[in-house]
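The values are calculated or read from the model by the stated rules, or taken from the named source; none is laboratory data. Since the model is a prediction, treat every value here as computed from it, not as a measurement. Positions of Cβ are generated from backbone atoms using ideal geometry, with glycine treated the same way; all protein chains shown enter the neighbour counts.
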Amino acid sequence: MSSPDSIQIRGWCPSTWRPMQAQDGWIVRVRPHCASLTAAQWLVLAKLAQTHAAPQIELTRLGNVQLRGVHESALPALRSELIASGLAPADEQADLAPAVHCTPFYATGDRSHALAQALSAAAVRYLSPLALRKQSAGALPGKFGMLVDDPERRLRSMSSDLHLWAAHDGSYGLALGQADECYYFESDEHAVQAAIQVARWFARERMTSAARPAARLHHLLKSRTPNAPALGAARHYAIWANEGAGPLRPGTPNPQGLLIGAPLGRVDAPAMQKLAAGLPAHSEIRVTPWKSLLVLHEESPAPVPLRHASQWITRPTDMRLRVSACTGAPGCPQAHIPAQSMALQIADWLLADQHLHISGCAKLCALPADATHIVFAGTDASGQVWLNTGPAGPQQRPLPATRYRASSSDLHDIQQQLHDPHL
Ligand code: SF4
């Protein structure tokens, strides 16, 4: 029987210029600038999904969007259309520069927005692979990321190498990795300068370790102190108050717009087409880092044209928020089970504090960090498919397995195991 031993952890993230091959085709990722896409751009994405990929737009953790199942022959045309519509940079180096994720809860032109724009421009200018090579440094690891938040700090718990935020008192904060310390600067210019210096130091320093180069900044910070002169001009706090307002779930009242989710974090392309077509072309639909969307109110709150209602999640109590799944059958040739439909069927049976991820095989693609339980399919020597059920996280022992019968009794078995106190 297959086991989670075969899980492949990739050291980089896909982009438009550097798509990633998955079992079900190529993944092409778009990184919305300052978390924002216009309705017109969403229309383009919906069309491309239906033309060149699986007819869904996947929302990723940290607020990217991606098309999945792209055939290799379609990659050049897809890239050209993404560039033409402003969804991807025409410059490959800009696309390969580290990602800057941004809170969606900013007002255009406010301090958080200005900080994110300044950091994004600096990342392209100083931290692209080519820019670093000119400074005799290697490229940053593909998973290196920076994040910009507003004074509410709702992204406080997100994993990122550098956290920057506009603080309530008018200063700008910078925290390195997951460290319990932070620096406060008088201007966004100084905060950005310090962030770039730390990132450059990391790019150089990680290559000097005898062992494998550190993949994340916090790995290196355990043993080394960053050489970044701009940090010297900041107020330094050794203990970073562990606070933050936390995520907002779909349907949560919000003065800036309507928060909506999509089942399993996958937006149905025709449903998006209907939504975007019903809005002015320039209106913004922002991505959140929690796999949901923020449809901005323009001048005044107005009803959002949510047709295809079953394709959207508009209540924070929607049971479908308790499940996730990989592509599964029939989309992925590796899959032994229809993971997505099974996840949606079992969602109603889960407890409020549970999050179940169902995977079509032991690779556990797209396993979310907040999953509490997993079910993955494997086969034995006779070809019989088994469902392995257990808590998420590192496995100390083989998970209990039940025969897969492609019937509702499978769901009943899973439900019983999830509620087993000895699991
Ligand atoms: S985990 Fe799912 S998507 Fe990934 S290879 Fe297995 S079946 Fe395919």
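Exactly one condition in (1) within 10 Å of the ligand (Cβ to nearest atom); (2) within 30 Å of Gly278 (Cβ to Cβ) is not met by Ala362; state its number.
Of the numbered conditions (1) within 10 Å of the ligand (Cβ to nearest atom); (2) within 30 Å of Gly278 (Cβ to Cβ), the odd one out for Ala362 is (2).
Matching residues to (1) at pLDDT below 95; (2) polar (S, T, N, Q); (3) within 24 Å of His33 (Cβ to Cβ):
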{"site": "Pro263", "(1), (2), (3)": "no, no, no"}
{"site": "Ala277", "(1), (2), (3)": "yes, no, yes"}
{"site": "Ser283", "(1), (2), (3)": "yes, yes, yes"}
{"site": "Leu294", "(1), (2), (3)": "no, no, yes"}
{"site": "Glu299", "(1), (2), (3)": "yes, no, yes"}
{"site": "Arg320", "(1), (2), (3)": "no, no, no"}
{"site": "Gly328", "(1), (2), (3)": "yes, no, no"}
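Within region 364-378, identify whether any single residue is of a type in the set (S, T, N, Q) and over 23 Å from the mean Cα position of the chain (by Cα), and answer yes or no. Quick ask: steps written out before the conclusion?
First, the residues of region 364-378 that are of a type in the set (S, T, N, Q): 372.
If we keep only those that are over 23 Å from the mean Cα position of the chain (by Cα) too, we end up with none.
Scanning region 364-378, I find no residue that is of a type in the set (S, T, N, Q) and over 23 Å from the mean Cα position of the chain (by Cα), so the answer is no.
May I ask you to say which residue of Ala194, Ala214 is part of a loop (DSSP other than H, G, I, E, B), within 22 Å of Pro129 (Cα to Cα) and of a type in the set (Gly, Ala, Ser)? I'd like the intermediate steps shown before the answer.
Details: Ala194 fails: part of a loop (DSSP other than H, G, I, E, B).
Criteria check complete, one pass: Ala214.
Take region 322-352 and flag every residue that is within 15 Å of Cys365 (Cα to Cα), more than 11 Å from the ligand (Cβ to nearest atom) and of a type in the set (Val, Ile, Thr).
Hit for region 322-352 is Val323, nothing else.
Looking at region 33-73 only, could you name the residues that are in a strand (DSSP E or B) and of a type in the set (Ser, Thr, Tyr)?
Keep residues of region 33-73 that are in a strand (DSSP E or B), which gives 36-38, 56-59, 61, 65-70.
Those that are in a strand (DSSP E or B) and of a type in the set (Ser, Thr, Tyr): Ser36, Thr38.
Checking Ala343 against (1) touching a strand residue (DSSP E or B) at 6+ places or on another chain (Cβ under 8 Å); (2) under 30 Å from His71 (Cα atoms); (3) assigned to a loop (DSSP other than H, G, I, E, B): exactly one of these is not met. Which one?
Condition not satisfied by Ala343: (3).
Report yes if Leu67 is of a type outside the set (Ser, Thr, Tyr), buried (at least 20 other Cβ atoms within 10 Å of the Cβ) and outside the structural domain of Arg154 (by TED's automatic domain parsing), otherwise no.
Details: of a type outside the set (Ser, Thr, Tyr): yes; buried (at least 20 other Cβ atoms within 10 Å of the Cβ): yes; outside the structural domain of Arg154 (by TED's automatic domain parsing): yes.
Against the criterion (of a type outside the set (Ser, Thr, Tyr), buried (at least 20 other Cβ atoms within 10 Å of the Cβ) and outside the structural domain of Arg154 (by TED's automatic domain parsing)), Leu67 qualifies.
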